[in-house]
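Visitor: Input: one structure, supplied below.
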Amino acid sequence: MIAHIARKERTEMWRDGRFRVAAVALLLLLAVALLTGLTTSRGTARDHDAAQEAMRGFWVNQGAKNPHSAAHYGLWVFKPSLPLSFVDHGVDAYTGVTTWLEAHKQNEFTRRPAMDRPNVARFGEWTAAAVLQLLVPLLIVMLAFPAFAGERETGTLRQLAAIGVPMRTLMLGKAAGIASALAVVLVPATVLGVATLWLGAGGGRGADDLVRFALLIATYLAYFAVLLALALVVSARARNVRVALVLLLGFWTMNSLVAPRAVADLARQLHPTPSAVAFQAAMQRDIEQGLDGHNPADARRKAVEAQALREYRAV
């Protein structure tokens, strides 16, 4: 029974030209986002490698000197590009990817693109993750909102109940039908993602990265399953298709657009972090009041040594 219901749902969706257009458009957007992400991550990794090689040359050719003095010479270091950055760039734009490494100092990461962006720019970064988090849930809403509400308006839901079709069976059948329609988009996208991961490594990607990619896919599939179940429940409880559509679009707007920013602002209010100026001032104060590493007769150093000797009973 479940298979028959799923086949009926899948056939009706496939006959709808709007679904075919939406599926092709979504798949093309995912393909473009993946290829763009691959190009960007490759370019970033190439730039980091070139800069790191140059800094390595400066370090090696600085001349013979005391190791402590060499540590004060300093050099730029760069965060490596992560394997799955072609899907999502992560927080690199906000935390930075490079810092000046030197002795006795902890410099903050610099070259953060987010410092030059307005707050609304966080919605304008087009990646494969953005497509999966914004457009696929919207497609789920468009496919699922008339599942039960439409049947109720046409009277077929009452007929199905009259012939003894259990609601649970009907729910599972419709979920399977919509899921099979989504597979038209998600299966090719997964294959394209694996191919992109393989190309990004030049064919030498390790098993760990494939496992991480598989976990990422499983997480997205679980997220889509929860959204699909929620959409079907709303459709089953709504009075008509208009109410179901309004409720689900409202939920999509809150969940995809409003909630991420609202939760970030709430976290900032509940657990505020110091500003960059305050953080640097605190670091400088700790350094000035701590051990300088240069003066063996420093009273602070002698106090630390005495405490350590007492703690470990070496006196």
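The values are calculated or read from the model by the stated rules, or taken from the named source; none is laboratory data. What you are looking at is a predicted structure, and each value in this text was computed from that prediction instead of being measured. Please note: Cβ atoms are built from the backbone with ideal geometry, for glycine as well, and neighbour counts cover all protein chains shown.
Visitor: Return the pairs, sorted by first residue and then second, in which the second residue is modelled with pLDDT under 80 and not β-branched (Val, Ile, Thr), the first residue lies in region 82-104 and is in the same structural domain as Leu38 (by TED's automatic domain parsing) and assigned to a helix (DSSP H, G or I), the beta carbons are less than 6 Å apart, and the residues are 6+ apart or on different chains.
Guide: Within 6 Å, the pairs are Pro83/Asp209; Phe86/Gly200; Ala93/Pro113; Ala93/Ala114; Tyr94/Ala114; Thr95/Phe109.
Visitor: In addition: Using the structure shown, decide if Val141 is surrounded by 15 or more Cβ atoms within 10 Å (Cβ to Cβ), over 20 Å from the mean Cα position of the chain (by Cα) and at pLDDT below 80.
Guide: It is false that Val141 is surrounded by 15 or more Cβ atoms within 10 Å (Cβ to Cβ), over 20 Å from the mean Cα position of the chain (by Cα) and at pLDDT below 80.
A quick yes/no check of all residues on (1) in the same structural domain as Glu9 (by TED's automatic domain parsing); (2) within 18 Å of Val226 (Cα to Cα); (3) in contact with a Ser or Thr (Cβ under 6 Å, 6 or more places away or on another chain); (4) of a type in the set (Phe, Trp, Tyr):
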| residue | (1), (2), (3), (4) |
| --- | --- |
| Phe145 | yes, yes, yes, yes |
| Ala149 | yes, no, yes, no |
| Leu157 | yes, no, no, no |
| Leu160 | yes, no, no, no |
| Gly173 | yes, yes, no, no |
| Ala179 | yes, yes, no, no |
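Visitor: Something else now. Identify the single condition in (1) on the phi < 0 side of the Ramachandran plot; (2) at pLDDT below 85 that Arg111 does not satisfy, given that it satisfies every other one.
Guide: Evaluating Arg111 over (1) on the phi < 0 side of the Ramachandran plot; (2) at pLDDT below 85 leaves (1) as the failure.
Visitor: Would you mind listing the helices (runs of 4 or more DSSP H) fully within region 227-299 where at least 2 residues are within 24 Å of Ala176 (Cα to Cα) and modelled with pLDDT of 90 or more?
Guide: Counting at least 2 such residues, we get 241-253.
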